[in-house]
Amino acid sequence: MMNTDLIIDKVKNTLITASCTFSKDKAEAYRLAIQNETNERAGWVLEEILKNAEIADRRRSPLCDDTGIPHLVLEVGENSVVNSLLLKSIHKGVAEGLKELPGRPMAIRGNDIERLDQSAGISPLSEDVLPAPIHIMETSENITRLHILMLGGGPAIRAKTYRVFHKHSVDTVVDEIVEWAKEGVSMLGCSPCTLAVGIGRSHYEATCMMLEAMVEGKYNVQSEIERVVTKRVNEANIGPLGLKGDTSVLATFMKIAPQRASGVRIVAIRPCCCFEPRKASVDL
């Protein structure tokens, strides 16, 4: 028998944790960046961001006033049971978490047209901010695990999903990613960023890979291609808050899906802000 009250409570607390805390590897990435930063103003920004994170963790308060839209990734094992009761419990837990956090009231009222032009106004209730559709991942573990990402508006504005003519060269794809990243990071403002990149056969698949990259990415484990992208964007000297310096990007999280025999690769890239990816996970 599914204990729905327990699931709701777990999801609520996980959403709050995602909104309020840095992971250990992310905090360590900031400490390392502070140690290596040669620009005094940039170093001060990095120190202040880390202090903000420590205070938010201690007070269980949001890392940023843009508390974000919940994005849910459900990892399911061979014996996992996913039914409507589980999904309803997850959504209830999300609503409870937003209410307790509290999340920024951002839900637009009304029908399709009214939501597009905001003519029906905004709900004052944090819990009315609905999560994005749940994304499901398979795992060899015998678990049902929920990952919650709280994704803000600034990185979404500067994100991009588009095709790259690869010309049978990895370098061509990397070059395009680096150029997109430089543009996005320079325009975002709230850097240093974590670059989330997905490469797929369609816009949908590329975006799913980008989401999974944020779930699976670790600051202290970087592939060769991730290190190259991070290094090249940092060489652009954008710096924290655009103040120049050595740390425009803390790390790159990239996931590559199966590819089709064609002349293009579809790439999704999100320049996650200095607090993102805000994420936490729980076994249900």
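Find me the longest stretch of the chain that has none of the exposed trypsin sites (Lys or Arg not before Pro), where exposed means in a DSSP loop (not H, G, I, E or B) with at most 14 other Cβ atoms within 10 Å. Value returned for the longest uninterrupted segment is 168-243. Dividing the summed helix terms, -39500 (n - 2.57) for each DSSP H run of n ≥ 4, by the number of residues in the chain produces a 222 nm estimate of -14000 deg cm²/dmol to the nearest 500. Each residue of the stretch 170-178 was assigned a 3J(HN,Hα) from its phi angle through the Karplus curve 6.51 cos²θ - 1.76 cosθ + 1.60 (θ = phi - 60°); the sequence is 4, 4, 4, 5, 4, 4, 5, 4, 4 Hz, with glycine and proline shown as x. Relative to the Cα centre, the charge distribution of the stretch 114-235, modelled as +1 at Lys and Arg Cβ and -1 at Asp and Glu Cβ, gives a dipole magnitude of about 260 debye. Modelled label positions at Leu85 and Ile157, each set 7 Å beyond Cα in the direction of Cβ, lie 4.5 nm from each other. Would you work out what percent of the accessible area of the stretch 77-166, with all protein chains in place, is carbon or sulfur (probe 1.4 Å)? That share works out to 53 percent.
Cα-based values for the chain, radius of gyration first and Dmax second, are 19.2, 58 Å. For the pair the stretch 93-115 and the stretch 248-284, the centres of their Cα atoms are 25 angstrom apart. In the full protein context, the stretch 177-226 carries 39 Å² of accessible surface per residue, based on a 1.4 Å probe and ignoring ligands, DNA and RNA. Can you tell which of Cys274, Leu46, Leu241 lies farthest toward the positive end of the dipole of the chain, using +1 and -1 charges on the Cβ of basic and acidic side chains (Lys, Arg; Asp, Glu)? Ranked along the dipole, the leading option is Leu241. Charges were assigned to the Cβ only: +1 to each Lys and Arg, -1 to each Asp and Glu. The resulting dipole of the stretch 165-215 about its Cα centre is roughly 60 debye.
With protein chains left intact and a 1.4 Å probe, residues in the stretch 67-136 average 56 Å² of accessible area per residue. Label point of Glu235 set 7 angstrom out along Cα-Cβ; within the stretch 171-188, amide nitrogens under 19 Å from it belong to 171-186. Residues in the stretch 69-79 carry Karplus couplings, in order, of 9, x, 10, 10, 10, 9, 9, 10, x, 4, 9 Hz; the curve used is 6.51 cos²θ - 1.76 cosθ + 1.60 with θ = phi - 60°, and Gly or Pro positions show x. Bridging of Lys88 to aspartates and glutamates at a Cα separation below 19 Å is possible for Asp5, Asp9, Glu75, Glu96, Glu100, Glu127, Asp128, Asp283, once same-chain residues fewer than 8 apart are set aside. At an R0 of 51 angstrom, the distance between the Cβ atoms of Asn142 and Arg41 translates into a FRET efficiency of 0.55.
Spatially, the stretch 1-38 and the stretch 171-190 are offset by 26 Å when compared through their Cα centroids.
Pairs to check: Lys51/Lys244; Lys99/Lys218; Lys51/Lys279. Give those whose C-alpha atoms are more than 22 Å from each other in this structure.
Numbers: Lys51/Lys244 20 Å; Lys99/Lys218 29 Å; Lys51/Lys279 19 Å.
Among Lys51/Lys244; Lys99/Lys218; Lys51/Lys279, the Cα-Cα distance tops 22 Å for Lys99/Lys218.
Using 0.36 nm per residue and subtracting the Cα-Cα separation, the extra length available between Ala27 and Asp112 on full extension is 26.5 nm.
Taking the Cα centre of the chain as origin and assigning +1 to Lys and Arg Cβ atoms and -1 to Asp and Glu Cβ atoms, the resulting dipole is close to 200 debye.
The distance between label points at Glu54 and Ser262 comes to 5.0 nm (points 7 Å beyond Cα on the Cα→Cβ vector). For Lys167, the lysines whose Cα comes closer than 28 Å to its Cα, not counting residues fewer than 8 places off in the same chain, are Lys182, Lys231, Lys255.
The values are calculated or read from the model by the stated rules, or taken from the named source; none is laboratory data. What you are looking at is a predicted structure, and each value in this text was computed from that prediction instead of being measured. Cβ atoms come from the backbone with ideal geometry, glycine included; neighbour counts cover every protein chain shown. These area figures cover heavy atoms from the full protein model, side chains too; ligands, DNA and RNA do not enter into them. Shrake-Rupley method; radii C 1.70, N 1.55, O 1.52, S 1.80 Å.
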